[in-house]
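Everything on this sheet refers to the single structure shown next.
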Amino acid sequence: MKKEQLIGAWLAAKEAERIAVEHRRKTEDELLELLGFDPAHEGVANYMGDNIDGTQFAVKITGRLNRKIDADKLNEIAAENGLQDHLSTLFRWKPEINMALWKAADASITGPLLDAITTTPGRPSFSITPVED
């Protein structure tokens, strides 16, 4: 297959994927509304579906709530209330690398820290867009 054909095939697949995801999400939203699912519910809710072509389906919806933590505010509140000792058990602390500063730092600083970092390749992402003249 030629490069141009592969790019065309990729573009077509990407568009089909976008349409499919959009359709699935719209269907899920309608089903949530029909079932009266509370968006603030956290955990599993089970519903018995109707027969479709002689087969009954069970519908399992898992509600999730996203939580973001303001680490500075959390530490401040914990300090004010004498709760610092509980932070390490109630919260996971996730160090993240600041690549711009990491790359700018001297190797005498970053070198010893390398043993604490595991690097694995991720799946490459693609963006193929038309070029305007």
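The values are calculated or read from the model by the stated rules, or taken from the named source; none is laboratory data. Just so it is clear, the structure is predicted and the values come from calculations on it, not from any experiment. Quick reminder, even Gly has a Cβ in these numbers, built from the backbone with ideal geometry, and neighbours come from all protein chains shown. Accessible surface is based on the protein model in full, side chains and every heavy atom, while ligands, DNA and RNA are left aside. Shrake-Rupley method; radii C 1.70, N 1.55, O 1.52, S 1.80 Å.
Observations
- DSSP loop trypsin sites (Lys or Arg not before Pro) with at most 10 other Cβ within 10 Å excluded, longest remaining stretch of the chain: 3-63
- Probe 1.4 Å - accessible area at Glu4, Å² to nearest ten: 120
- Applying 0.36 nm per residue to the separation of Gln5 and Arg24 and subtracting their alpha-carbon distance, the gain on full extension is 4.0 nm.
- Thr110 exposes around 20 Å² of accessible area when a 1.4 Å probe is run over every protein chain in place.
- The residues of the chain have, on average, 94 Å² of accessible surface per residue, using a 1.4 Å probe with all protein chains present.
- For the range 63-133, the list of chymotrypsin sites (Phe, Trp or Tyr not before Pro) that fall in a loop by DSSP and count at most 11 other C-beta atoms within 10 angstrom reads Trp93, Phe126.
- Separation of the range 8-58 from the range 71-112 is 39 Å, based on Cα centroids.
- With DNA, RNA and ligands ignored, accessible area of Ser125 (1.4 Å probe; Å², nearest 10): 110
- Cross-link partners of Lys103 among aspartates and glutamates, defined as those whose alpha carbon lies under 19 angstrom from its own and excluding same-chain residues fewer than eight positions apart: Asp115.
- The chain gives an Rg/Rh value of 1.12, both radii derived from C-alpha positions and Rh following Kirkwood.
- Counting only protein heavy atoms and a probe of 1.4 Å, the accessible surface of the chain is 55% carbon and sulfur.
- Residue-span extension gain [Glu96 to Glu42] - 0.36 nm each, minus C-alpha spacing: 16.7 nm
- Förster radius 35 Å - calculated FRET efficiency between Leu34 and Ala78, Cβ distance, rounded to 0.05: 0.20
- Applying the criteria of a DSSP loop state and at most 16 other Cβ atoms within 10 Å to the GluC sites (Glu not before Pro) of the range 34-133 yields Glu42, Glu96, Glu132.
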